[in-house]
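First the structure, in the form of structure tokens, and then the observations on it.
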Amino acid sequence: MSDNILQKLLKPSARGKVWWVFACIMVLVLVTSLVDFGGYYNKAVDKFKIPFPKVKEVPFRLGLDLLGGTQLTYQADVSAIATADKSNAVEGVRDVIERRINIFGVSEPNVQINRTSGGDYRIIVELAGIKDVKQAIKMIGETPLLEFKEQNTEIRQVTAQETTQLNDFNKTAEKQATEVLGKVLSGGDFKALATAYSQDEKTKAAGGDLGYITEKDNPEIYNLAKNIPVGKTSADLGKVTNGYEIIKVEDKRVKTNAFSNTEEKEVKASHLLICFTGTTGCESGLSKEEALEKINKLKSRATINNFKDLINQNSTEPAARESNGELGWFGAGAMVQSFEDAVFKQAVGVISGPVETEFGFHLIYKQAERKVEEIKASHIFIKIMTEADIVGSQSEWKNTELTGKNLKSATVEFNPQDGSPEVSLAFDDEGAKMFEDITGRNIGKPVAIYLDGYPISTPNVNEKIPGGKAVISGKFNITEAKLLSQRLNAGALPVPIELVNQQTIGASLGQQSVNDSMKAGLIGFIIIAIFMILFYRLPGLMAVLALMVYSLIVFAIFKIGFSMAALLLVGIFLLIGITVNGWFILFSFISYILLYFIGGLSPVTLTLAGLAGAIVSVGMAVDANILIFARMKEEIANGKPLTSAIEDGFKRAWPSIRDSNFNTLITCFILIMFTTSAVKGFAITLGLGVIISMFTAIFITRNFLNLIPSAWLEKRHSLITSVKSSENK
Amino acid sequence: MTNFKIIQKRNIWLSIAAALFVVFTISLFVWGLKFGIDFTGGSLLEVKFLGTRPSVGQIEAGLADLKLNSLTIQPIGEQDVMLKFQQTSEEIHQAALSKLNELAKKENKDNSIEEQRFESVGPSIGQELKIKSLWAIFFALIAMLAYITYAFRKVSKPVASWKYGSAAIIAMFHDVVITMGIFAFLGHFYGVEINTAFVAAVLTVLGYSVHDTIVVFDRLRENLPKSNEDFEGTVNTSLNQTLVRSLNTSLTVLLVLLAIIIFGGASIRTFVLALAIGIFFGTYSSIFIASPILVVWERWGKK
């Protein structure tokens, strides 16, 4: 036994082999610990300045019930769709929802399709860490409204008599409004007065409460309310388009984003663009390197004073000369992501270095930044009569039969004459026919394209247009054109959806659950450890050590991930490894690592039920050890020598461990197949736990026990059992 | 090894099991399970009152306008209140939240509420879940019966291998019915509702019960070919040989579950309680029901 070390390593004896396996297990422990505690390791490396490489920190993927967030389940109504197209339509819904959420920048939204056994299609939307669910629901259900309008030829004029009537009415209205204002100013209860006098039917019952409004929501009221201090009411009558307003301001605050929970900001900026071949709509002919060189040169010359001139001379943005590259005030979500990220981070009054986006390189001059303010206001509204009230709500424009429903796709194109960006619309067959009719009957007249109720383009029709293509040209820059086409494409939902299930967990409740589970797991572990060591002594201790390895592996797998393929491959190899030949255990790890590198794994989403599954599987893991040790004691009692008793304990206990665990795996498998979300999470972690526990309880415990020289152990029987073997000694 | 005469006294054990089974079957049928919103459809709203919490009566009065169907209000912990009602629409949800906020403000202007949890389940989903759960249980049964029949194919004498499976499943049925019966009782007297997690617990109990029985049967499988006792004696010996292990395993699992019940937070308590009850009876049934049934069956075969 005292040969030189090299020989020992190359030609391992039976004991040498045990040490080899032990070394492999230690490597496994090291790797899994690095995965589990990567963050602490990196901190330690930093703190003590140890020259070790850092590891990649892998976080746990927590489910919504632990993280806090919302899960929305929508049912897609596919009854009107042919069977073959159903899944396509639902995928369309998912894409639309995904794009709508992406516009608002939720971190890692998760949108899945779930086909139920009853043949229904569900779309499950998971939004982590979201604060304002109401807005999310609104946003997901919202459809951009695209309308095509033509001139209304039947406008009726108001007669002289009607004008007198109108003026009389409005005088009365003004008088009444002044009276109400008087009551407000003399200290009357605003709410009661609103309920009594306000002619805004929507808010009247609620004491005139408008909620929080921003300038975008309601510019007229916002501008009146802006000058009123919090807690005060209007000092005089406010005049708006269709009536008089008496406003009470209850609160002013900075608007926070519903998703990121940060204050919403707007910036004012101008930019200089140098595009290069390969970016959207670029005709400069510059390569990326040339473009970068050019923009770096411009940057070195640029000052706040000459920036406008530089834009005029150099910017490749088609409309730059007219706009001087001015983008005006804009908020989050208006620009492409990379541009937005840069401009929001940038300091005010500074010109940025080159920022790369899908359009090319930009220099951005951030002129100003402001917070978006919102005001909580109540109002009393007294209506006046306008001409529209008399002649009916007739507008200059009237709807045509063509709407966004007939839109097939929208793309950004560039005007061949002046290179300005345009959004080109392609209609489906029905839409093409309608568009041809509309243009046919409006030759020489304008046709308006309305988006969400506002005209975005009112081109003159020169001739009848067949072929189902229309172009929205106009005052937008590339970014706006791009956003518009995105919105239109994200566009209408292919089928109606209905919110059937909603689950929201507050972040603090989630954190509470994590803490509780951790505590429960730890206490459970300690109880088991005490029990095992008291009852089974040395083998019990080894089992507890193996159980620690088990915990390390399980949590590492939760982090790195697993898949059905991994479950099968690793499971089969482990099984062969435990029963036939230990080398297969190596195979199972190699196949798992291989799957990791080819991306065949996805992290396990930990839910509350999942954590419970993990804790329960600790209990199951111990069962294998109890079976083995009970058998071991029995064999010793039957008079077998210690070493062969240990050997037999493992061997004889195996069939029952196999059959009983296999049975639990069957249950898990069926749970995974037939259930959703919470229960599935439980089954996955329990199943993983069972497989890994078989490995640790049998293979690792055995290795640990084998490390102890049998001769030494033979003299210390009491380390294993108090039962004295009858013969043999 | 212990040496209790378990099989010889099988009539006592089977009678106890039968009595318990009958009692809890009656409880199950008379009271029925109290289904939670996961199954019935409806909404669950938990809010935290930052400041003083209004009384249940005040909340009920405050929400009267909304005409919530089958509204229940339950205070939780120090500051929280849990509401359950039938309606599931988002408008009702928002309206309820703003009413609760008003209530909080009434006491003191600075008070407010924080939404902790909201779940709404459409009625169709609930129905679907019931059907799905039943299918899951059904398939689990078939799969386990098939596996046991296969695993015990070599010991088909003197008892056919499918009878091992059947005995295990009868024992399991006993565990599941008793667990459900106890929850029917808890539901009736303490308002404990069952949810999706309960189904998971029942399925786990199902798996565990069979798991436990297999360990005993496995010993029987090993002993039968070399035993010189009769079938009854061999079963009894096998039972005694595995008794300590059965008790130890159940004890460790129950200890862990107890730790979760005490320290693990309210939301999974029902789930863990169901597990603990099921596992307790699972241990009983694997020792005192499954094996005695095998012996009874063998006796009948001889006649």
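A few remarks follow.
- Test result for B:Val159, buried (at least 18 other Cβ atoms within 10 Å of the Cβ), more than 10 Å from chain A (Cβ to nearest Cβ) and modelled with pLDDT under 85: yes
- Pick from the stretch A:620-669, criterion facing another protein chain (nearest Cβ under 10 Å) and polar (S, T, N, Q), ranking: farthest from A:Ile530 (Cα to Cα): A:Thr667
- Residue within the stretch A:524-535 that is more than 14 Å from every other protein chain (Cβ to nearest Cβ) and surrounded by fewer than 16 Cβ atoms within 10 Å (Cβ to Cβ) present: no
- The stretch B:64-88, residues that are touching a strand residue (DSSP E or B) at 6+ places or on another chain (Cβ under 8 Å) and farther than 25 Å from B:Ala266 by Cα: B:Leu68, B:Asn69
- Filter pass, A:Ile246 being at pLDDT 85 or above and either surrounded by fewer than 17 Cβ atoms within 10 Å (Cβ to Cβ) or within 25 Å of A:Thr195 (Cβ to Cβ) (or both): yes
- Considering A:Val350, A:Val343, A:Val336, the condition of being within 15 Å of A:Lys299 (Cα to Cα) and hydrophobic (A, V, I, L, M, F, W, C) is satisfied by A:Val350 alone.
Residues are listed down the side, and each one gets a yes or a no for (1) part of a strand (DSSP E or B); (2) touching a Gly at 6+ places or on another chain (Cβ under 8 Å); (3) at pLDDT below 80:
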{"residue": "A:Gln417", "(1), (2), (3)": "no, no, yes"}
{"residue": "A:Ala432", "(1), (2), (3)": "no, yes, no"}
{"residue": "A:Phe435", "(1), (2), (3)": "no, yes, no"}
{"residue": "A:Ile438", "(1), (2), (3)": "no, no, no"}
{"residue": "A:Gly444", "(1), (2), (3)": "no, no, no"}
{"residue": "A:Val447", "(1), (2), (3)": "yes, no, no"}
{"residue": "A:Ile456", "(1), (2), (3)": "yes, yes, yes"}
{"residue": "A:Phe476", "(1), (2), (3)": "no, no, yes"}
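- Taking the stretch B:20-55 as the range and being in contact with a Ser or Thr (Cβ under 9 Å, 6 or more places away or on another chain), part of a loop (DSSP other than H, G, I, E, B) and surrounded by 22 or more Cβ atoms within 10 Å (Cβ to Cβ) as the test, only B:Gly36 passes.
- Residues satisfying the stated conditions in the stretch A:127-152, i.e. more than 24 Å from B:Glu114 (Cβ to Cβ) and either modelled with pLDDT of 70 or more or crowded, with 16+ Cβ neighbours inside 10 Å (or both): A:Gly141, A:Pro144, A:Leu146, A:Glu147, A:Phe148, A:Lys149, A:Glu150, A:Gln151, A:Asn152
- Pairs, first closer than 16 Å to A:Ser234 by Cα in the stretch A:202-221, second of a type in the set (Val, Ile, Thr) and part of a loop (DSSP other than H, G, I, E, B), C-beta under 8 Å, six or more apart: A:Glu220/A:Thr241
- B:Ile268 being part of a helix (DSSP H, G or I) and away from chain A (no Cβ under 12 Å): no
- Subset of the stretch A:249-263 [closer than 30 Å to A:Pro109 by Cα and either in contact with a helix residue (DSSP H, G or I) (Cβ under 7 Å, 6 or more places away or on another chain) or at pLDDT 80 or above (or both)]: A:Arg253, A:Val254, A:Ala258
- With a requirement of 2 or more residues that are under 27 Å from A:Phe330 (Cβ atoms), the helices (runs of 4 or more DSSP H) lying completely within the stretch A:131-248 that satisfy it span A:133-141, A:219-226.
- Search result, residues across the stretch B:4-25 that are of a type in the set (A, V, I, L, M) and without any contact (Cβ under 8 Å) to a residue 60 or more places away in the chain: B:Ile12, B:Ala18, B:Ala19, B:Val22
- Being within 10 Å of chain A (Cβ to nearest Cβ), under 30 Å from the mean Cα position of the chain (by Cα) and in contact (Cβ under 8 Å) with a residue 60 or more places away in the chain is a description that does not apply to B:Ile142.
- Subset tally (residues that are outside any helix (DSSP H, G or I) and either facing chain A (nearest Cβ under 9 Å) or of a type in the set (D, E, K, R) (or both)) for the stretch B:200-229: 1
- Residue tally, condition outside any helix (DSSP H, G or I), in contact with a Phe, Trp or Tyr (Cβ under 7 Å, 6 or more places away or on another chain) and within 28 Å of B:Leu254 (Cα to Cα), over the stretch A:594-612: 2
- A Cβ distance below 9 Å, combined with a sequence gap of six or more or placement on separate chains, defines the contacts here; from the stretch A:530-542, residues that are in the same structural domain as A:Leu713 (by TED's automatic domain parsing) reach residues that are of a type in the set (D, E, K, R) in the pairs A:Tyr536/A:Lys633; A:Leu538/A:Arg716; A:Met542/A:Arg702.
- Taken over the stretch A:33-60, the residue count meeting the criterion of being outside any loop (DSSP other than H, G, I, E, B), without any contact (Cβ under 8 Å) to a residue 12 or more places away in the chain and surrounded by 14 or more Cβ atoms within 10 Å (Cβ to Cβ) is 1.
- Restricting attention to the stretch B:252-265, the residues being more than 7 Å from chain A (Cβ to nearest Cβ) and either over 17 Å from the mean Cα position of the chain (by Cα) or at pLDDT below 80 (or both) number 1.
- Among strands (runs of 3 or more DSSP E) entirely within the stretch A:293-377, having at least 3 residues that are among the aliphatic types (A, V, I, L, M) singles out A:360-371.
- Test: residue in the stretch B:164-184 that is over 21 Å from the mean Cα position of the chain (by Cα), away from every other protein chain (no Cβ under 12 Å) and not polar (S, T, N, Q): no
- Taken across the stretch B:119-128, residues that are within 18 Å of B:Ser286 (Cα to Cα), polar (S, T, N, Q) and either more than 12 Å from every other protein chain (Cβ to nearest Cβ) or touching a residue at least 12 places away in the same chain (Cβ under 8 Å) (or both) do not occur at all.
- When we screen A:Ile585, A:Ile590, A:Ile578 for residues that are without any contact (Cβ under 8 Å) to a residue 40 or more places away in the chain and of a type in the set (Val, Ile, Thr), the only hit is A:Ile590.
- Taking the numbered list (1) touching a Ser or Thr at 6+ places or on another chain (Cβ under 6 Å); (2) farther than 22 Å from A:Ser33 by Cβ; (3) hydroxyl-bearing (Ser, Thr, Tyr) in turn, A:Tyr550 passes all entries but (2).
Condition check ((1) within 26 Å of B:Leu134 (Cα to Cα); (2) surrounded by fewer than 23 Cβ atoms within 10 Å (Cβ to Cβ)) across all residues:
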site	(1), (2)
B:Thr213	yes, no
B:Ser246	no, no
B:Phe263	no, yes
B:Ala274	yes, no
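- For first residues located in the stretch A:4-29 and not assigned by TED's automatic domain parsing to the domain that holds A:Ala556, partners that are among the aromatic types (Phe, Trp, Tyr) and modelled with pLDDT of 80 or more and lie 6+ apart or on another chain with Cβ distances below 7 Å form the pairs A:Pro12/A:Trp20.
The values are calculated or read from the model by the stated rules, or taken from the named source; none is laboratory data. Just so you know, these numbers come straight off a predicted model, no measurement behind them. For neighbour counting, all protein chains shown are included, and Cβ atoms are generated from backbone atoms with ideal geometry for every residue, glycine included.
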